[in-house]
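Single-structure report; data block below.
The values are calculated or read from the model by the stated rules, or taken from the named source; none is laboratory data. Everything numeric here is computed off the predicted structure, so don't read it as measured data. Cβ placement follows ideal geometry from the backbone for every residue including glycine, while neighbour counts extend to all protein chains displayed. The protein model used for the area step is the full one, side chains on, heavy atoms only, and it has no ligands, DNA or RNA in it. Shrake-Rupley method; radii C 1.70, N 1.55, O 1.52, S 1.80 Å.
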Amino acid sequence: MTGDDLFLGSEAGATAYREAMQLATDAVVNDFADAENPYSGRSPEALAEDFDEPVIPETGTGLEAAIDEAATRVLAHSVGTSNPQCAAHLQCPPMIPGLAAEAMLTAANQSLDSFDQAPAATVLEEEVVDALCDLFDLPAASDGVFTSGGTQSNFQALLLARDRYCRRRFGRDVQSGGLPPAAESLRLLCSEDAHFTGEQAAHHLGLGEDAVVTVPTDEDRRMDTDALDAILADLETGDANPFALVGTAGTTDFGSIDPLDELADRAAEYDLWYHVDAAYGGALALTGYDDVLGGIERADSVGVDFHKLFYQPISCGAFLLGDGDDFEWMARNAAYLNPADHDETGVPNLVAKSVQTTRRFDALKPYVAFRAIGREGMAALVEETLDLARDAASLIEGATDFELLHEPTLNAIVFRYRPREAMDERAVSRLNADVRERLLRDGRAVVARTDVAGVTSLKFTLLNPTATLDDVASMLDVVRDCGAAVAREQEVVT
Ligand SMILES: *Cc1c(COP(=O)(O)O)cnc(C)c1O
C-alpha cells in the first residue's frame with residue numbers, strides 16, 4: 001500500500017476500500033459470526049501469548065495479512081455477541097441495519113462538533129433527537145444530543161442539575177466561578193439498585209460519592225416511595241441541599257423500573273432536577289408495555305442507550321432534556337467552531353450541547369434501523385425477548401436445582417445454581433462464584449455474575465431476539481455441567 005490505495009477519493013482508493021471491506025466482512029462472518037460456541041474459553045495469559053510480534057513493526061505486512069491476524073487473534077476469541085447463548089451483559093447482538101450504518105458513518109467521518117464538519121449529519125441528529133423526544137412524550141421545548149452512552153448521559157444530567165441549582169440557590173455561576181462553598185451540602189438521590197455511574201458522576205462533579213443518598217427498594221427492586229418521602233423530609237430539616245432525583249427505568253441487574261410518575265411528583269414538590277436513567281428500559285417506549293414508563297414525560301432529562309435494547313452497535317446513546325434551554329448551563333462559544341454570531345444566524349451548533357468536542361455521527365444508526373424496519377419491527381424484537389425472559393424464568397423456577405430470585409420486568413434474570421436445598425448461603429455463594437469462573441473457561445455459555453445481598457448469583461440478560469427457550473435450557477445444562485465439575489473439585493479439596 002502506498003497512498004492512493006490508503007484513502008478514498010480516487011479509483012485506486014475506491015477499489016482498495018471495496019476489497020478491504022470485503023476482507024473485513026469475510027473475517028467477521030468466518031472467524032466470528034459462524035463460531036459454534038459464544039466464547040473460545042481462552043485465558044488472558046493464552047491470549048497474550050498470541051501477540052508475540054511487535055505491534056508496531058518497522059515495515060508493515062500488508063492489509064490482507066493484518067486483517068487475517070485480527071481475525072484469528074481477536075475475532076476468533078471475542079465473545080459471540082450474536083450467539084443466542086451469549087447472555088451475560090447488556091451487550092446486544094448488533095442488528096445488520098446498524099452495522100451497515102456504522103460502516104457508512106465511519107467512512108464519511110463526519111464530526112458533530114460543528115455544522116461545517118457535518119452538515120447533513122447535524123441536521124439528521126437534530127431530527128432523530130426530535131423523534132426521540134416525541135417517543136418519550138417530552139414537551140415541545142425538549143431537545144437533546146447523542147452521547148457515548150448512559151455514563152455520559154447521567155454525567156451530563158447531573159452536571160446541568162448541579163449548575164442550575166447552584167445558580168438558583170446560591171447565585172453561583174459554577175461554569176466560571178467553580179463550586180460554591182456550600183457544595184458539600186449538595187445531595188442527589190437514587191435507588192440502591194441504581195447504576196454506579198450516579199456515584200461516579202458525583203465524584204467527577206466535585207461533589208463526592210458521599211453526596212449520593214441511596215433510597216431503599218421494595219420487594220420488586222423499585223424505589224420505595226415511602227422511604228423516599230422519609231429521606232426527603234429528613235434532608236429538609238437538616239443542612240443538606242438535595243438538588244436531583246434519579247429514577248431508573250431498567251436497573252442493570254433486575255431490569256426493575258422505578259415508579260416514575262410518583263418520583264416526578266416528589267421532584268416537583270421538592271424542586272429537584274428529575275433525571276430518568278432509561279439506558280436499558282427506554283426501549284419499552286416502542287412497545288405495548290410503555291405504560292410502565294408513565295411519568296418519564298415529566299423528567300427534566302432522560303438518558304437512553306441504543307447499544308442495549310435498540311440493537312445498535314456500540315457506542316450509541318442519547319441525552320434528552322425536557323426543556324432545551326437547560327443546555328445554557330454548559331453553553332460556550334469557541335471562535336473556530338461556533339462563533340457567537342452563528343447562534344444568531346441559526347447555524348446549528350451542537351458542540352455546546354455535548355461534553356465531547358469531536359463526536360461520532362452515531363445518530364445514523366437508529367435512523368437507518370428505524371427507516372429499515374419501523375417502530376413495529378423494533379418493538380417486535382424487544383417484545384420477543386421479554387416473552388422469552390418470562391418463559392425462561394418459569395423454566396428456572398420449575399427446576400429443582402436452580403433458584404429464581406425475581407420475576408423479570410425486562411429481560412434480565414438473576415438466579416442461583418443450588419443443587420441441594422439444604423446448602424447454606426455461603427456454600428451457595430462459593431459454588432456460584434466457582435461455576436461462573438468455570439463457565440468462562442468452558443465457553444459454551446456466556447453468563448454474568450452479580451451479588452445479591454452478599455451472595456454470588458448468576459444472571460442471564462436475554463437480549464437476543466433470535467434466542468429460544470431451547471437455548472436457555474442448553475445454557476442451564478452447561479451451568480449444571482460446570483456445577484458438577486466444580487462440586488467434584490471442591491470435594492477433592494475438602
Ligand atoms: C448500561 C447502563 C449505564 C451505563 O451506560 P453506558 O452506555 O455503559 O455508558 C447506566 N445506567 C444503566 C441503568 C445502564 O443499564
TODO: Taking the residues in region 316-337 that are closer than 16 Å to Pro139 by Cβ and touching a Pro at 6+ places or on another chain (Cβ under 9 Å) as candidates, determine which candidate is surrounded by the fewest Cβ atoms within 10 Å (Cβ to Cβ).
DONE: Asp323
Task: Single residue of Leu235, Leu159, Leu205 found to be among the hydrophobic types (A, V, I, L, M, F, W, C) and touching a strand residue (DSSP E or B) at 6+ places or on another chain (Cβ under 6 Å) - done: Leu235
Task: Count of residues meeting criterion [of a type in the set (A, V, I, L, M, F, W, C), closer than 14 Å to Leu99 by Cβ and free of Cβ contacts under 8 Å to residues at least 40 places away in the same chain] in region 16-47 - done: 1
- [ ] Just one of (1) farther than 19 Å from Ser148 by Cα; (2) within 18 Å of the chain's Cα centre (by Cα) trips up Arg375, so point out which.
- [x] (2)
TODO: Go through region 338-366 residue by residue and tally those that are surrounded by fewer than 19 Cβ atoms within 10 Å (Cβ to Cβ) and more than 15 Å from the ligand (Cβ to nearest atom).
DONE: 13
Task: Residue list for region 61-99, restricted to those being in contact with a helix residue (DSSP H, G or I) (Cβ under 7 Å, 6 or more places away or on another chain), open to solvent by 50 Å² or more (accessible area, probe 1.4 Å) and assigned to a loop (DSSP other than H, G, I, E, B) - done: Ser82
Open item on the list: I need the full set of residues from region 281-311 which are within 18 Å of Gln156 (Cα to Cα) and part of a loop (DSSP other than H, G, I, E, B), in order please.
Closed with: Ala299, Asp300, Phe306
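Could you say which residue among Gly247, Gly294, Gly238, Gly281 is within 16 Å of the ligand (Cβ to nearest atom) and either modelled with pLDDT under 95 or over 25 Å from Ala393 (Cα atoms) (or both)? Don't jump to the end; show me each part of the working.
Numbers: Gly294 fails: within 16 Å of the ligand (Cβ to nearest atom); Gly238 fails: within 16 Å of the ligand (Cβ to nearest atom); Gly281 fails: either modelled with pLDDT under 95 or over 25 Å from Ala393 (Cα atoms) (or both).
Gly247 is the lone residue from the list that is within 16 Å of the ligand (Cβ to nearest atom) and either modelled with pLDDT under 95 or over 25 Å from Ala393 (Cα atoms) (or both).
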Open item on the list: Against the condition in contact with a helix residue (DSSP H, G or I) (Cβ under 7 Å, 6 or more places away or on another chain) and either closer than 18 Å to Thr81 by Cβ or surrounded by fewer than 19 Cβ atoms within 10 Å (Cβ to Cβ) (or both), how does Ala485 come out, does it pass?
Closed with: yes
